[in-house]
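A short reminder: the numbers here are calculations on the coordinates, not readings from a lab. Every value quoted in this text rests on a predicted model; they were computed, and no experiment measured them. Virtual Cβ from ideal backbone geometry, glycine too; neighbours counted across all protein chains shown.
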Amino acid sequence: MSGSAPDPPRVALVTGGARGIGRAIVLALARDGLDVAFTYARDADAAARTAREVEALGRRVLARPSDAARRDEAETAVAATRAGLGRIDVVVANAGITGPDGWEGVSTDAWHRVLDVNLLGPYFTVASAAAELRRTRGSAILVASIAASSAYPEELVYSASKAGVVSLARSLAYALAPEVRVNALAPGWVRTDMTRALHTRPKAAAAIARGIPAGRWGEPEDVAEAVVFLASDGARFVTGETLVVDGGDSLVWTIGAER
Ligand SMILES: NC(=O)c1ccc[n+]([C@@H]2O[C@H](COP(=O)([O-])OP(=O)(O)OC[C@H]3O[C@@H](n4cnc5c(N)ncnc54)[C@H](OP(=O)(O)O)[C@@H]3O)[C@@H](O)[C@H]2O)c1
C-alpha cells in the first residue's frame, strides 16, 4: 500500500456562473472533476439551480452574490473560495454585461459601468487570486468576445471593453509567467439571456445563423468545452492567447449576408 495521499481535487472560481455561458462553464469544469465556486449578481434562484446541478455531479460547490465590478468583493470571493474549498487552480472571469446601444452620446456613467464590470472586473479577480494561482501553478481564462476585434459601432462601448480584455490577458500572461497561464476566450453569437432579444426573433436569429460558416448559433456548452481545454494540462504551453469560439463567424464580419 502506498503511503502518499491522493491529490486534492482541483478548484475553480467562475464569475457570473449562475446562468448562460458561466453556468455551462461551471458544469463543464465540474464534469472534468473540479470543485467549483461561482459568483452571480442578483439571480439567487438561478444560482441555487446551478449549485444543485454541480452537487448532482458529485462535486463540491460554493455560490455567492458578488459584484464583479468591485475590487473588495473580488477579494472576498477569492478568500471565501480558499476558505470553503481549500485552494484555487482555475479562475474564469466570465461576468459581463452589454453596453448602451450606439456610439453617439454615450453617457459617462454608462462607460464606467461597462468598463467596471467587463474590464476592471477580470483584472480585480485575477489580481486577487494571483498569489494563490502562483502557489498552485494555476491558470486564468478571461471571457472576451469577437466584438473585440470587429468594427461594431452599435455596441461600441461593449466592443472596446472586450478589446481591453484581450490586452489584459496578454499583459497578465506576461506578468504571471511562468507559474500561471492567462488566456482569453472570444465567443461569437451564443444563445443566452444576453442575446435573447435576437435569438428569439426567428428572422433575426436566422439571419445571424446564415452569416456563421458553421450554420448555427453557438450554445453555451460550445464555449465551456474550450474553457475546459484552456484550464487543462493539455494547454500547458498556451498563454497570452485568445481562443476564438465562433463557428467561423469572425472570418468575415457579415451579419446576415449570404455566403
Ligand atoms: N452570449 C453571447 O453571445 C456572448 C458572446 C460573446 C461574449 N459573451 C460574454 O460571455 C460572458 C457571459 O455572457 P452570457 O451571454 O452568458 O450572459 P448572461 O446570460 O447575461 O449571464 C450573465 C451572468 O453574469 C452574471 N453577472 C452579470 N453582471 C455581474 C456582475 N457585475 N457581477 C457578478 N456577476 C454578474 C449574471 O448574474 P445574475 O444571474 O445574478 O444576473 C449571470 O449569471 C460575458 O462576459 C459576455 O460578454 C457572450
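By the scheme Lys and Arg +1, Asp and Glu -1, what is the net charge of all other residues having a beta-carbon under 15 Å from that of ALA186? Write out the running numbers ahead of the final one.
On the way: positive: LYS162, ARG170; negative: GLU155, ASP222, GLU225, GLU241, ASP246, ASP249.
My count for the surroundings of ALA186 gives -4.
How far is helix 20-31 tilted off the main Cα axis of the chain, in degrees rounded to 10, range 0 to 90?
Taking the Cα atoms of the chain, the angle to 20-31 is about 30 degrees.
Order these by the 10 Å Cβ neighbour count, fewest first: TYR174, TYR152, TYR40. Can you show the working numbers first?
Numbers: TYR174 11, TYR152 18, TYR40 26.
Listed from fewest to most nearby Cβ atoms, that is TYR174, TYR152, TYR40.
Size of the dipole of the chain about the Cα centre, Lys and Arg at +1 and Asp and Glu at -1 on the beta carbon, nothing else charged, in debye to 20?
Values: 29 positive and 30 negative charges, 79 e Å.
Once rounded to the nearest 20, the dipole reads 380 debye.
Name the residue farthest towards the positive end of the dipole of the chain from the options LEU172, VAL91, ALA127, assuming +1 on Cβ of Lys and Arg, -1 on Cβ of Asp and Glu, about the Cα centre.
VAL91
Tally Lys/Arg at +1 and Asp/Glu at -1 over every other residue whose Cβ is under 13 Å from the Cβ of LEU13; what's the total? Provide the component values of the computation, followed by the final result.
On the way: positive: ARG10, ARG60, ARG64, ARG82, ARG87; negative: ASP35, GLU73, GLU75, ASP89, GLU132.
So the environment of LEU13 carries a net charge of 0.
For q values of 0.18, 0.19, 0.22, 0.23 Å⁻¹, compute log₁₀ I(q)/I(0) with the Debye formula on a Cα-only model of the stretch 147-259, without solvent.
-0.97, -1.05, -1.26, -1.32
Measure nothing fancy, just the Cα-based angle from helix 121-136's long axis to the longest principal axis of the chain, in degrees from 0 to 90, nearest 10.
The answer is roughly 30 degrees.
Once amide H atoms are built 1.01 Å from N in the peptide plane, which residues 5 or more positions from ALA63, or in another chain, come under 5 Å H to H?
PHE38
Tell me the angle of helix 44-56 to the major Cα principal axis of the chain, expressed in degrees between 0 and 90 and rounded to the nearest ten.
In the chain, helix 44-56 runs at an angle near 50 degrees to the longest axis.
How would GLU155, GLU219, GLU241 line up from fewest to most surrounding beta-carbon atoms within 10 angstrom? Show your work: numbers first, answer last.
Working: GLU155 20, GLU219 13, GLU241 17.
With the fewest neighbours first, GLU155, GLU219, GLU241 line up as GLU219, GLU241, GLU155.
Run the dipole for the stretch 117-185 about the Cα centre, Lys and Arg Cβ at +1, Asp and Glu Cβ at -1, nothing else charged, and hand back the magnitude in debye, nearest 20. Display every interim value, and only then the final one.
Values: 6 positive and 4 negative charges, 67 e Å.
Dipole magnitude for the stretch 117-185 comes out near 320 debye.
Give me ARG70, ARG19, ARG201 sorted ascending by neighbouring Cβ count inside 10 Å, so fewest comes first.
Working: ARG70 16, ARG19 19, ARG201 12.
With the fewest neighbours first, ARG70, ARG19, ARG201 line up as ARG201, ARG70, ARG19.
Once you list every other residue whose beta carbon is under 12 Å from the beta carbon of LEU142, what net charge do they have if Lys and Arg are +1 and Asp and Glu are -1?
Charge balance near LEU142 sits at +2.
How far, in nm, would the chain grow between ASP233 and ALA80 when pulled straight, counting 0.36 nm per residue and subtracting the alpha carbon separation?
Values: separation 153, 0.36 × 153 = 55.08 nm, distance 2.56 nm.
Full extension of this stretch gives 52.5 nm more.
Would you kindly calculate the mean projected area, averaged across all directions, of the convex hull enclosing the Cα atoms of the chain, in square nanometres? Kindly include the intermediate steps, with their values, before the conclusion.
Numbers: hull surface 60.0 nm².
About 15.0 nm², averaged over all directions.
Give the dimensionless ratio obtained when the Cα radius of gyration of the stretch 3-75 is divided by 2.2 N^0.38 Å.
Relative to the rule-of-thumb radius for its length, the stretch 3-75 sits at 1.14.
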